[in-house]
Amino acid sequence: MSERRPEPGLTREIELLWDLREPGRRGPKPKLNREAIVRAAVTAADAEGLDGVSMQRVARELGYTTMSLYRHVDSKEDLLVLMLDAAMEQDPPQPRADGDWRAGIGEWVAGCREVYRRHPWMVYAVVFGPPLGPNGLRWMEAGLRELVRSGLNTADAVQVLTTVSSVVRDTYRLELDMRRAAEAAGSTLAEREHAYALSLRRVVTPERFPTIAAMLDDGVMAAPGPGEATTPTEDMSFSLERILDGVESYVERRRRAARLPASP
């Protein structure tokens with residue numbers, strides 16, 4: 001049986017992210033190099049979002065011509081691939097000494113939120129697949145490590161990690177969109193949510209929307225009190241905990257089934 005070769009596009013991305021296409025250099029590092037280009041691009045994206053990143057803008061910030069950049073990065077698309085991995089240089093959580101995998105996933109999620117807060121543009125970048133770069137793989141390793149500790153096999157752990165990471169990313173993107181809309185209206189996120197609840201009360205009746213009416217009566221969208229969660233990402237712990245409850249329940253059922261004697 002012949003070995004399956006990687007897809008050409010993935011091979012190219014691996015070579016790009018791991019710098020496998022360039023021979024090793026001797027002597028001092030040139031003043032303009034790929035690392036400096038990527039760092040300048042990340043800084044521009046942090047300040048102005050992805051729309052503020054172009055090869056011309058990065059070249060101007062570095063004091064070089066645009067053509068000089070193309071000697072190190074083939075295209076803006078390649079630059080974005082490198083930016084996404086570089087933005088994840090923050091170290092992921094280390095293994096917990098007590099082996100508490102749920103707390104470990106909680107720390108992993110908190111770390112992801114911190115990365116997104118530092119680099120908000122990341123949640124708007126198009127993602128074509130799982131990570132391939134050194135930093136992305138470090139975060140993937142850390143998340144999978146905790147889920148495998150729960151008793152999941154690696155295949156199931158990948159699926160759960162994909163779900164958890166999607167929840168964190170999409171929730172933070174929703175928060176950013178809501179925050180920008182609130183700022184454009186001259187209010188805060190909490191004020192806008194409270195105004196939304198007040199507006200709903202004008203049209204929601206228990207006869208037509210009984211569950212939404214009950215939600216409003218429960219004060220779900222009331223102004224938060226001291227110490228209460230005020231943003232979607234701060235308020236997502238309940239959903240994440242229920243995902244982890246499901247993992248724990250599944251692993252326990254599988255363990256019980258493995259201990260049962262076989263049916264005659």
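Here are GLY99, GLY106, GLY143: which of them is closer than 21 Å to LEU240 by Cβ, part of a loop (DSSP other than H, G, I, E, B) and either among the β-branched types (Val, Ile, Thr) or in contact (Cβ under 8 Å) with a residue 12 or more places away in the chain (or both)? Criteria check complete, one pass: GLY99.
Among the residues of the stretch 155-201 satisfying the criterion of being among the β-branched types (Val, Ile, Thr) and under 21 Å from the mean Cα position of the chain (by Cα), which is farthest from PRO232 (Cα to Cα)? Of everything passing the filter in the stretch 155-201, VAL158 is farthest from PRO232 (Cα to Cα).
Among the residues of the stretch 168-210, those identified as among the small types (Gly, Ala, Ser) and exposed (fewer than 14 other Cβ atoms within 10 Å of the Cβ) are ALA181, ALA184, ALA185, GLY186, SER199. Set side by side, the residues ARG173, ARG180, ARG113, ARG169 differ, and just one is out of contact with any helix residue (DSSP H, G or I) (no Cβ under 8 Å at 6 or more places or on another chain), assigned to a helix (DSSP H, G or I) and within 30 Å of GLU48 (Cβ to Cβ), which is ARG180. Here GLU22, GLU13, GLU77, GLU3 are screened, and the one residue that is at pLDDT below 95 and surrounded by 13 or more Cβ atoms within 10 Å (Cβ to Cβ) is GLU13. So GLY227 fits all but one of (1) at pLDDT below 85; (2) small (Gly, Ala, Ser); (3) surrounded by 10 or more Cβ atoms within 10 Å (Cβ to Cβ); what number is the exception? Result: GLY227 fails condition (3) only. One residue alone among ALA59, ALA40, ALA44 is touching an Asp or Glu at 6+ places or on another chain (Cβ under 6 Å), surrounded by 13 or more Cβ atoms within 10 Å (Cβ to Cβ) and either part of a loop (DSSP other than H, G, I, E, B) or at pLDDT 95 or above (or both), and that residue is ALA40.
Name the residues in the stretch 62-74 that are surrounded by 15 or more Cβ atoms within 10 Å (Cβ to Cβ) and part of a helix (DSSP H, G or I), would you? Please lay out each step first, then the result.
Kept after step one, since they are surrounded by 15 or more Cβ atoms within 10 Å (Cβ to Cβ), are these residues of the stretch 62-74: 62, 64, 69, 72-73.
Passing the criteria: LEU62, LEU69.
Conditions tested, residue by residue: (1) surrounded by 14 or more Cβ atoms within 10 Å (Cβ to Cβ); (2) closer than 22 Å to ASP46 by Cα; (3) in contact with a Ser or Thr (Cβ under 8 Å, 6 or more places away or on another chain).
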site	(1), (2), (3)
VAL109	yes, yes, no
CYS112	yes, yes, yes
MET122	yes, yes, no
GLY129	no, no, no
GLY133	yes, yes, no
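When GLY133 is tested against (1) more than 30 Å from ARG254 (Cβ to Cβ); (2) free of Cβ contacts under 8 Å to residues at least 60 places away in the same chain; (3) of a type in the set (Gly, Ala, Ser), just one condition goes unmet, and that condition is (2).
Selection of the stretch 124-147 for residues being within 14 Å of the chain's Cα centre (by Cα), of a type in the set (A, V, I, L, M) and more than 17 Å from ALA110 (Cα to Cα) yields ALA125, VAL126, VAL127, LEU137.
The values are calculated or read from the model by the stated rules, or taken from the named source; none is laboratory data. Owing to the predicted nature of the structure, the values given are computational and were not obtained by experimental measurement. Positions of Cβ are backbone-derived with ideal geometry, glycine not excepted, and every protein chain shown enters the neighbour counts.
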